[in-house]
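Have a look at the structure below before the remarks.
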Amino acid sequence: MVVKNMKYLERIIPDRIILGKIFFLSTCIFFFITFTLNTHKRILIPTESLIIENSDEISETISKETEYIPKPAQGADLILIPAIVSNNGIACRILLIVDTGCSLTTLDKGLTTALQFKPTGKIGSINANGSQSVKETGSIDYIQIGPFREKNFLISNLAVLGNKKDDVAGFLGMNFLEKHPFTIDHDRHVIVWR
């Protein structure tokens, strides 16, 4: 076919390129959603640091020491501790900030959505910066930190991550810490459970 009008050709080529890109992106999105829905008990959430796997694959540990990751912050290092949270057969390996000022362990809303968390109540709280917030509360199947697994564990959820990417998926609060006394060995970067 010979195109006699060059202006027509100049006008339709960009339109076809755009339609091609739209088709390509929609195909990618379709396959992504199909893959996500067809993988049993695996959900992708917006944080790369969270690894989600079948909860049956997770074994309990018996070590009395748990390595932590120091994270520089204003004035002092934050202590990030690895944890496993599970609900509805979905388990995530995450990092939590050890926070003795937090009465109830708090998980990010993106994570609780992935865990299919169903809130059963709400509480008001005063945050470290003095602001107030309302958090949804409820229980997840379990949380495991070091050698301890707490079943039917009460948590709250809040937008911890905001719009930034971070390694932190929440705050480990006193509802876990008061049951499991520990000391912190800053030289070796471990928490020693008593």
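Prolate is the label for the range 102-155. Its Cα gyration tensor axes, ordered a ≥ b ≥ c, give a/c of at least 1.5 and a/b above b/c.
Rounded to the nearest 20, the Cβ-based charge dipole of the range 83-194 about its Cα centre (Lys and Arg +1, Asp and Glu -1) stands at 240 debye. Relative protection proxy for 73-81, 97-105, from highest mean packing down: 97-105, 73-81 (other beta-carbon atoms within 10 angstrom).
Just flag the GluC sites (Glu not before Pro) in the range 86-194 sitting in loop per DSSP whose Cβ has no more than 16 other Cβ atoms within 10 Å. Can you show the working numbers first?
Numbers: sites: GLU136, GLU150, GLU178; in loops: GLU178.
Within the range 86-194, the qualifying GluC sites (Glu not before Pro) (loop, at most 16 other Cβ atoms within 10 Å) are GLU178.
A dipole drawn for the range 88-140 from +1 and -1 charges on Cβ atoms has a positive end, and of SER131, ALA114, THR100 the residue lying farthest that way is ALA114. Between ALA91 and GLU53, SER55, the built amide H atoms are under 5 Å apart, and every one of these is 5 or more places off in sequence or on another chain.
Counted by Cβ distance under 15 Å from THR112, the other residues give a net charge of +1, where Lys and Arg count +1 and Asp and Glu count -1.
The numbers here are math on the coordinates, done by the rules we state, and not lab data. This is a predicted model, so every value here is computed, not measured. Backbone-built Cβ (ideal geometry, glycine too); neighbour counts: all protein chains shown.
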